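Notes to accompany the following structure.
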Amino acid sequence: MSAHDHQQQQLKQQQQQMRVNDIHDEEEEEEEEEEEEENEQLQGEYAGEDYYGSDVSNDSGTESMPWIAWFCSLGGHQYFAEVADDFVEDDFNLTGLNSIVPFYKEALEMILDLEPEEDSTKVPDVSIVEASAEQLYGLIHQRFIVTRQGLQQMADKYQAGHFGSCPRTYCQSTNVVPCGRYDLPGVETVKLYCPNCQDIYSPPSSRFHNLDGAYFGTTFAHMLFHIYPELVPNIPNKIYAPAIYGFKISEYSRCGPRMQWLRNKQDPNLLDVTGKLIKDDENAK
Amino acid sequence: MEADKQPTSYYIDRRIDGWTDEWTCSQLQGVHHESALANPIVQPSFVAFENLCISPRYLCSVLTMEDYTSGSDSDYTKYWIDWFLGSKGNEYFCEVDEDYILDRFNLTGLNTEVQYYSQALDLITDNLDETLDEEMRDIVEKSARHLYGLIHARFIITTHGLTKMLEKFKKCDFGRCPRVLCHSHPLLPVALSDIPYTKSVKLFCCRCEDIYNPKSTRHASIDGAYFGCSFPHMLFQVYPQLVPPKSTDRYVPRIFGFKLHDVAKQHRYQDMVREESHARIMAGIEGLPSGPTAPASSSAKEQQLKNKAEGSPSVASESGAMADIN
Ligand SMILES: [Zn+2]
Ligand SMILES: [Zn+2]
């Protein structure tokens, strides 16, 4: 037991160190982030440099913390729901993942806080298993969040504003949800889907620019609004009209508007299958 | 904070910080004069100024270092604008030409907009009497920032101003479009109202032609009136070559690989709107003086018919697939 605890702690510290390094790199890259980091660091809990080391200081509390809860509590993991243990324990839900994730068995043991088996000590570096565990958790997460239980958790997180809001001015800070454009890992990082403009955006903070979009998948965002249509906001449709000295720029101008169709939203109930306004048809007759 | 303790080094410290960033930035990105030279609208005198606008910064810092070491404060008040531009959160602003500010004609009407107008103007032009008490100085400081913003809005739609903002645009000083399908296209600041204290600044993307909120709260609280509603569109009128080719790419939501029925309908509607407007524009450009409305409506109808013909078969196959979901 004590050996296990020791290993766990070692793992956590290693990962925390990795994370801290990541954060320092990001800060150098993107100045704008500084402000956000500062703000968050000022908010009590995360003080000073030990942003990710915060749970080292109160080790006694987190020692008993399950891996999944600990993983979701890390900075930059705010988008994740906590996958239920019984979902992970059901082999059926993990079908096919063993061929995608390296050190699958060790990673799964880590996620479930199971004692590693004797021969698994061959693993060259604990950080490799950490990375595998993250990927495995992400891919299980992709499947979990389209279940009834997962959707409910994510709907609560959505309403609590855990995913941020749409950067588009006319969306009036509609809450967004994380999504991927690919279901396979390693292709693209996570994006944010806005149910009002039905478009996708890059997360504003660079800490999410390393998060794989596959951990959320292509289906989840749309499933969420399909099951919970009341979450879709009702915001009047507005299209930006460029103007100079108050005069709208004519579409005949060389640099006149060409993209207004993109934000031209129409109630689907008023459209026939070909996309024509039903009213138009009646007038024509 | 620090400013209260060391009033003489206040501007100096801030200025050096700001300068270093900008300098390294322009060093890394390179400064592009080619387009300015190639564009007939830009007068040669401006290009000369444009070159100067980097070198004085270098000179400034040398001067300030001297000031700092010698403890002399004779020169530091010259650089209110440099201090302002170097302050955190003011990255969107460009340096307004001194000549522009000194020409009172350009400031017409601003005296009624700004409290303590003449002191504020003196502060901007570094002619302010030093005898003001701290409280008064804060008020004038605030007025000066407001006045600078309002002058800035007028300046950036002049030839010089547009070119200065163009450089900042090329350096992506205003950030990049958050929309995934715009592939990080650089943004430009824009207002939704020219009246001060009404709306904060927004960012215009010329690729998707939409406006976004700045990421940082510092930028999101800047008054839009300091940039004006016309600025980005004026820039593209003057530099139409900067307008990127428009893309018809669109995000298509899917559930387990299937398109959503309602979204597909909306997309067909959008395609129709786009094709109609395209037809209208083509017809309009051909016969512009005779009035574009008549040919436009007929061609739009043709387009609609064409759409219907093309749209129907694909619709049938898709709605079949969607039966599982709806
Ligand atoms: Zn939106
Ligand atoms: Zn854009």
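For every residue, the table says whether it meets (1) within 11 Å of ligand 1 (Cβ to nearest atom); (2) among the acidic types (Asp, Glu); (3) surrounded by fewer than 19 Cβ atoms within 10 Å (Cβ to Cβ).
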site: A:Arg148; (1), (2), (3): no, no, yes
site: A:Gln152; (1), (2), (3): no, no, yes
site: A:Ser165; (1), (2), (3): yes, no, yes
site: A:Gly180; (1), (2), (3): no, no, no
site: A:Thr189; (1), (2), (3): no, no, yes
site: A:Cys197; (1), (2), (3): yes, no, no
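Does B:Leu110 meet the test of being more than 11 Å from the chain's Cα centre (by Cα) and either away from chain A (no Cβ under 14 Å) or within 16 Å of ligand 1 (Cβ to nearest atom) (or both)? Considered against the rule, which asks whether it is more than 11 Å from the chain's Cα centre (by Cα) and either away from chain A (no Cβ under 14 Å) or within 16 Å of ligand 1 (Cβ to nearest atom) (or both), B:Leu110 comes out as yes.
For B:Val263, the conditions (1) away from ligand 1 (no atom under 16 Å from the Cβ); (2) open to solvent by less than 50 Å² (accessible area, probe 1.4 Å); (3) within 7 Å of chain A (Cβ to nearest Cβ); (4) at pLDDT below 95 are fulfilled apart from (1). If you go through segment B:88-136 and pick out every residue that is charged (D, E, K, R), exposed (fewer than 14 other Cβ atoms within 10 Å of the Cβ) and part of a helix (DSSP H, G or I), you end up with 5.
Checked against the criterion of being within 14 Å of chain A (Cβ to nearest Cβ) and over 28 Å from A:Ser173 (Cβ atoms), the candidates B:Thr163, B:Thr158 yield just one match: B:Thr158.
Each row is one residue, and each column tells you yes or no for (1) over 27 Å from B:Ser200 (Cβ atoms); (2) touching a helix residue (DSSP H, G or I) at 6+ places or on another chain (Cβ under 7 Å).
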position	(1), (2)
A:Asn175	no, yes
A:Cys179	yes, yes
A:Gly186	yes, no
A:Pro195	no, yes
A:Tyr201	no, yes
A:Thr218	yes, no
A:Asn234	no, no
A:Ser250	yes, no
A:Cys255	no, yes
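Evaluating B:Gly228 against the criteria (1) more than 16 Å from ligand 1 (Cβ to nearest atom); (2) farther than 23 Å from B:Leu107 by Cα leaves one unmet condition, (2). Within segment B:197-211, track down each residue that is free of Cβ contacts under 8 Å to residues at least 60 places away in the same chain, more than 22 Å from A:Glu251 (Cα to Cα) and in contact with a Pro (Cβ under 9 Å, 6 or more places away or on another chain). Result: B:Ser200, B:Lys202. Of everything in segment B:208-224, what is more than 16 Å from ligand 1 (Cβ to nearest atom) and open to solvent by 40 Å² or more (accessible area, probe 1.4 Å)? Give them in sequence order. Within segment B:208-224, B:Thr217, B:Arg218, B:Ser221 meet the criteria.
For B:Leu85, are the conditions met, namely being open to solvent by less than 90 Å² (accessible area, probe 1.4 Å) and closer than 27 Å to B:Leu188 by Cα? Yes: the conditions hold for B:Leu85.
Residues are listed down the side, and each one gets a yes or a no for (1) at the interface with chain B (Cβ under 7 Å from one of its Cβ atoms); (2) within 16 Å of ligand 2 (Cβ to nearest atom); (3) surrounded by fewer than 17 Cβ atoms within 10 Å (Cβ to Cβ):
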{"position": "A:Ser202", "(1), (2), (3)": "yes, yes, no"}
{"position": "A:Ser205", "(1), (2), (3)": "no, no, no"}
{"position": "A:Leu211", "(1), (2), (3)": "no, no, no"}
{"position": "A:Phe225", "(1), (2), (3)": "no, no, no"}
{"position": "A:Glu230", "(1), (2), (3)": "no, no, yes"}
{"position": "A:Asn234", "(1), (2), (3)": "no, no, yes"}
{"position": "A:Gly246", "(1), (2), (3)": "no, no, yes"}
{"position": "A:Ile249", "(1), (2), (3)": "yes, no, no"}
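The listed residues are B:Phe227, B:Phe204, B:Phe256, and the only one of them that is more than 9 Å from chain A (Cβ to nearest Cβ) and either modelled with pLDDT of 95 or more or over 27 Å from A:Ser206 (Cα atoms) (or both) turns out to be B:Phe227. Which one of the conditions (1) open to solvent by 20 Å² or more (accessible area, probe 1.4 Å); (2) within 14 Å of chain A (Cβ to nearest Cβ) does B:Arg179 fail to meet, given that it meets all the rest? Unmet for B:Arg179, out of (1) open to solvent by 20 Å² or more (accessible area, probe 1.4 Å); (2) within 14 Å of chain A (Cβ to nearest Cβ): (1). Against the conditions (1) aliphatic (A, V, I, L, M); (2) under 30 Å from B:Cys182 (Cβ atoms); (3) surrounded by fewer than 22 Cβ atoms within 10 Å (Cβ to Cβ), A:Leu114 satisfies every one except (2). In this structure, does B:Leu188 turn out to be assigned by TED's automatic domain parsing to the domain that holds B:Val238 and either open to solvent by less than 10 Å² (accessible area, probe 1.4 Å) or on the phi > 0 side of the Ramachandran plot (or both)? Against the criterion (assigned by TED's automatic domain parsing to the domain that holds B:Val238 and either open to solvent by less than 10 Å² (accessible area, probe 1.4 Å) or on the phi > 0 side of the Ramachandran plot (or both)), B:Leu188 qualifies. Filtered by the rule that a residue be more than 16 Å from ligand 2 (Cβ to nearest atom) and either charged (D, E, K, R) or surrounded by fewer than 23 Cβ atoms within 10 Å (Cβ to Cβ) (or both), segment A:167-178 gives A:Gln172, A:Ser173, A:Thr174, A:Asn175. Of all residues in segment A:161-182, those satisfying the criterion of being more than 12 Å from every other protein chain (Cβ to nearest Cβ) and part of a loop (DSSP other than H, G, I, E, B) are A:Gly161, A:His162, A:Phe163. Summed over segment B:147-191, residues that are under 27 Å from B:Ala120 (Cα atoms), hydrophobic (A, V, I, L, M, F, W, C), within 16 Å of ligand 2 (Cβ to nearest atom) and not in a loop (DSSP other than H, G, I, E, B) total 1.
The values are calculated or read from the model by the stated rules, or taken from the named source; none is laboratory data. Just so it is clear, the model here is predicted, and its values are computed rather than measured. Note that each Cβ is placed from the backbone with ideal geometry, even for glycine, and that neighbours are counted across all protein chains shown. The accessibility values were calculated without ligands, DNA or RNA, using every heavy atom of the protein model including side chains. Shrake-Rupley method; radii C 1.70, N 1.55, O 1.52, S 1.80 Å.
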